[in-house]
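> Submitted below is the structure of interest, expressed as structure tokens.
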Amino acid sequence: MDKQLNNQEALNFDPDALRKKYKEERDKRIRKDGNNQYKEIAGEFSNYIDDPYVKEKIVRPPLHDEVEVVVIGGGFAGLLAVGRLKEVGIKNVRIIEKGGDIGGTWYWNRYPGAACDTEAYIYLPLCEELNYMPKSKYAYASEIFAHCKRIANHYNIYDNACLQTEVTDMEWEASTSRWLIKTNQQDAMRAKFVIMCNGPFNRPKLPGIQGISTYKGHTFHTSRWDYSYTGGDAKGNLNKLKDKKVAIIGTGATSIQCIPHLAASAKELYVFQRTPSSIDVRDNRPTDPEWVKNLQPGWQKERMDNFNEATSGKIVEKDLVMDGWTEIIGSLVSLAKFRGTEINPAEIPRLMELADFKKMESIRARVDSIVKDPKTAEALKPYYRQFCKRPCFHDEYLPTFNRPNVFLIDTDGKGVQSINEQGILVEGQLYEVDCIIFATGFEVGTGYTRRAGYDPIGKNGISLSQKWANGIRTLHSFHVHDFPNMFVIGHAHGGYTTSYTHCFDVKAKHLSYIIGECLKKGMKEIEVTPEAEQAWVDEIIRVHRNQEAFQAACTPGYYNNEGNPSQLAAQNSAYGKGPIAYFEKLDAWREEGSMKGLKLS
Ligand code: NDP
């Protein structure tokens, strides 16, 4: 326990002043239109989600066949689902994927500098099984995408994959006990089971800036990087920008990674900022061959579990990953759990706030130590609690603002006012640019089926959007009553961990067990009972970690539904006891062996 936190005299910041400053910064960003400030990418904007990576459009006859399992989405969740199904002997499995290849997030996000903030040794699944060792502690997108393809090849996933194919409709056919799945390739295929792995950041969004469609220059969204315009590749060297004035709107986790490359290549770079991100140390390094030599079988699972424990509040004997996540989450959570005699438990929220202030002071001091121009440095300092927004880790982003060709246009929390034919307007000043890059993120607070792009119709004609209109309802995050033989792999109602792929794999194994058992027993239908679904919803609400006060005090962003914490936050949340308790629940459920809560017929 940090003694300094217990002794206000020794603090070199004023908590009251910071609290006041955080509130002011938050208040000026709150907008009445909340999530509606963004433009849906549809209609006149639909070109923003065209696939720039496809070289040849797939032309194939429509499929009217039947498979055992359809998995929708070819990201890590989908790949692991197929892989684990095949391991239990279910071979007739088909992935349907909108992109030109599998990979999901790592197919779409190829912007220069794209990388994952979760350590590669735990993020890349199946490293031991596939005998693959990541090249460095943090992997770049191209390495991760290649690993996705390695998994797909290992499990022969390509053999039966429908790429460049979007599900448009999905309906339960009671007469055959099958799902009828229609796609934009005119397929009308049937499947005994469907696993939906649509992904959390699959629908890019645009800011609702006035005049956005009047701009005459070039534009694109970071998740559809236009290398034909910029030149270069994911490593940078964007040679076609050398005579271009480029603007980028947004300064979230994506922007942080591509800005150094844009700055190195463009004639001029204008960074339009509404809220600065917190930028902690990255400290990437190549994989040490000596360390690899000494690894024992089972090392990856051990490391994943250790990370999970360290970031879930368990006191680990040794922090194996030792990264920004284990440091910040681990120290905050262990502080909250502190049961020592020195601290009165009632003091814990205040101490956590102080620990957060202290951490954020160090983040702000880092800006001062790197960025030379004091005005720019001040504008780059985040004034909010660290988990109000997604923390970022980067070592080249801040130094970029010392370059003479880079201009930070801070909008003082208001965002870009308008766009006209020539460029971007802020405070009445026009910034004429050749190109605008939207680093404005993805839909998060919108409905599941809107983001999926299809609305499954279950028994008695009920749609999933109707079913979930008043909040998500599942058993264990997978099963939905009235939607037999359909399973969801997502974040709601499950154990959330910063290492997404770990969770996906646990879920994939669990579902392969359930589907395997159904097929073994010759069962045609499996459906959660209304009682079991209700019991899980009740448990989700009961164990929900109430973050309402914290979120309400946060600067707006997708973590707090743009400053309007959702009324359904409790019901739509992840399992509040954390991933370890959730994984143990699934293990215990399988061990019990009766498929409790599910009706098999
Ligand atoms: P974000 O939603 O995090 O960021 C969007 C940015 O656009 C914010 O800075 C936002 O400002 C800004 N913005 C929105 N509207 C306006 C406007 N009108 N004027 C000016 N600025 C505006 O999207 P990202 O793509 O950066 O990241 C999405 C998520 O993807 C991350 O949170 C992370 O989970 C994941 N990711 C992970 C990476 C990794 O592992 N390293 C890398 C990239 C992404 P404001 O903050 O004020 O809303």
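The values are calculated or read from the model by the stated rules, or taken from the named source; none is laboratory data. Because the structure is predicted, anything quoted here is derived from the model rather than measured. With ideal geometry, Cβ positions are generated from the backbone for all residues, glycine too; neighbour counts draw on all protein chains shown.
> For region 551-576, how many residues are part of a loop (DSSP other than H, G, I, E, B) and either of a type in the set (A, V, I, L, M, F, W, C) or touching a residue at least 60 places away in the same chain (Cβ under 8 Å) (or both)? Walk me through how you get there before you give the answer.
Pass one, region 551-576, residues part of a loop (DSSP other than H, G, I, E, B): 553-557, 561-576.
Within this subset, residues satisfying the condition of being either of a type in the set (A, V, I, L, M, F, W, C) or touching a residue at least 60 places away in the same chain (Cβ under 8 Å) (or both) are 553-557, 561-564, 566, 568-575.
Number satisfying all stated conditions: 18.
> Return a yes/no flag: does region 276-287 have any residue that is of a type in the set (Val, Ile, Thr), within 16 Å of the ligand (Cβ to nearest atom), buried (at least 17 other Cβ atoms within 10 Å of the Cβ) and assigned to a strand (DSSP E or B).
In the first step, residues of region 276-287 are kept if they are of a type in the set (Val, Ile, Thr); the result is 279, 281, 287.
From what is left, the residues that are within 16 Å of the ligand (Cβ to nearest atom) are 279, 281.
Those left that are additionally buried (at least 17 other Cβ atoms within 10 Å of the Cβ): 279.
If we keep only those that are assigned to a strand (DSSP E or B) as well, we get 279.
Yes, there is a match, as at least one residue in region 276-287 is of a type in the set (Val, Ile, Thr), within 16 Å of the ligand (Cβ to nearest atom), buried (at least 17 other Cβ atoms within 10 Å of the Cβ) and assigned to a strand (DSSP E or B).
> Given the criterion away from the ligand (no atom under 15 Å from the Cβ), in contact with a Cys (Cβ under 6 Å, 6 or more places away or on another chain) and assigned by TED's automatic domain parsing to the domain that holds LYS182, identify the matching residue among ILE457, ILE489.
Working: ILE457 fails: in contact with a Cys (Cβ under 6 Å, 6 or more places away or on another chain).
Of the residues listed, the single one that is away from the ligand (no atom under 15 Å from the Cβ), in contact with a Cys (Cβ under 6 Å, 6 or more places away or on another chain) and assigned by TED's automatic domain parsing to the domain that holds LYS182 is ILE489.
So that you can scan it fast, the table gives a plain yes or no per residue for (1) over 24 Å from SER255 (Cβ atoms); (2) among the charged types (D, E, K, R):
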{"site": "LYS20", "(1), (2)": "yes, yes"}
{"site": "LYS28", "(1), (2)": "no, yes"}
{"site": "SER46", "(1), (2)": "no, no"}
{"site": "PRO52", "(1), (2)": "no, no"}
{"site": "GLY73", "(1), (2)": "yes, no"}
{"site": "ARG84", "(1), (2)": "yes, yes"}
{"site": "ASN92", "(1), (2)": "yes, no"}
{"site": "TRP108", "(1), (2)": "no, no"}
{"site": "ASP117", "(1), (2)": "no, yes"}
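> Is it the case that GLY208 is over 22 Å from GLY415 (Cα atoms) and within 14 Å of the ligand (Cβ to nearest atom)? Please lay out each step first, then the result.
Working: over 22 Å from GLY415 (Cα atoms): no; within 14 Å of the ligand (Cβ to nearest atom): yes.
In short, no.
> Scan VAL246, VAL271 and give me the residue that is crowded, with 17+ Cβ neighbours inside 10 Å, over 30 Å from VAL167 (Cβ atoms) and touching a Ser or Thr at 6+ places or on another chain (Cβ under 7 Å). Show your work before the answer.
Numbers: VAL246 fails: touching a Ser or Thr at 6+ places or on another chain (Cβ under 7 Å).
Exactly one of VAL246, VAL271 is crowded, with 17+ Cβ neighbours inside 10 Å, over 30 Å from VAL167 (Cβ atoms) and touching a Ser or Thr at 6+ places or on another chain (Cβ under 7 Å), namely VAL271.
> What residue, of GLY75, GLY104, is crowded, with 24+ Cβ neighbours inside 10 Å, small (Gly, Ala, Ser), farther than 24 Å from VAL59 by Cβ and within 14 Å of the ligand (Cβ to nearest atom)?
On the way: GLY104 fails: farther than 24 Å from VAL59 by Cβ.
None of the other options fit; the residue is GLY75.
> Now, a different point. crowded, with 17+ Cβ neighbours inside 10 Å, without any contact (Cβ under 8 Å) to a residue 40 or more places away in the chain and either more than 16 Å from the ligand (Cβ to nearest atom) or of a type in the set (Val, Ile, Thr) (or both): is that true of LYS467 in this structure? It would help to see each step written out before you state the result.
Numbers: crowded, with 17+ Cβ neighbours inside 10 Å: yes; without any contact (Cβ under 8 Å) to a residue 40 or more places away in the chain: yes; either more than 16 Å from the ligand (Cβ to nearest atom) or of a type in the set (Val, Ile, Thr) (or both): yes.
The answer is yes for LYS467.
> Another one. Any chance you could count how many residues in region 13-47 are more than 30 Å from ARG350 (Cα to Cα) and within 13 Å of the ligand (Cβ to nearest atom)?
6
> For region 73-94, check the following and say yes or no: at least one residue is among the small types (Gly, Ala, Ser), at pLDDT 95 or above and in contact with an Asp or Glu (Cβ under 7 Å, 6 or more places away or on another chain).
Applying the first criterion (among the small types (Gly, Ala, Ser)) to region 73-94 yields 73-75, 77-78, 81, 83, 89.
Then drop every residue that is not at pLDDT 95 or above, which leaves 73-75, 77-78, 81, 83, 89.
Retained after the next criterion (residues that are in contact with an Asp or Glu (Cβ under 7 Å, 6 or more places away or on another chain)): 73-74.
There is at least one residue in region 73-94 that is among the small types (Gly, Ala, Ser), at pLDDT 95 or above and in contact with an Asp or Glu (Cβ under 7 Å, 6 or more places away or on another chain).
> With VAL281, VAL292 as the choices, which residue is out of contact with any Asp or Glu (no Cβ under 8 Å at 6 or more places or on another chain), modelled with pLDDT of 95 or more and not small (Gly, Ala, Ser)? Step through it out loud before you land on a result.
Numbers: VAL281 fails: out of contact with any Asp or Glu (no Cβ under 8 Å at 6 or more places or on another chain).
Residue meeting the stated conditions: VAL292.
> Name the helices (runs of 4 or more DSSP H) wholly inside region 335-421 in which the number of residues that are at pLDDT below 95 and of a type outside the set (Lys, Arg) is 3 or more. I'd like the intermediate steps shown before the answer.
On the way: elements: 348-370, 374-379, 397-400.
By residue number, 348-370.
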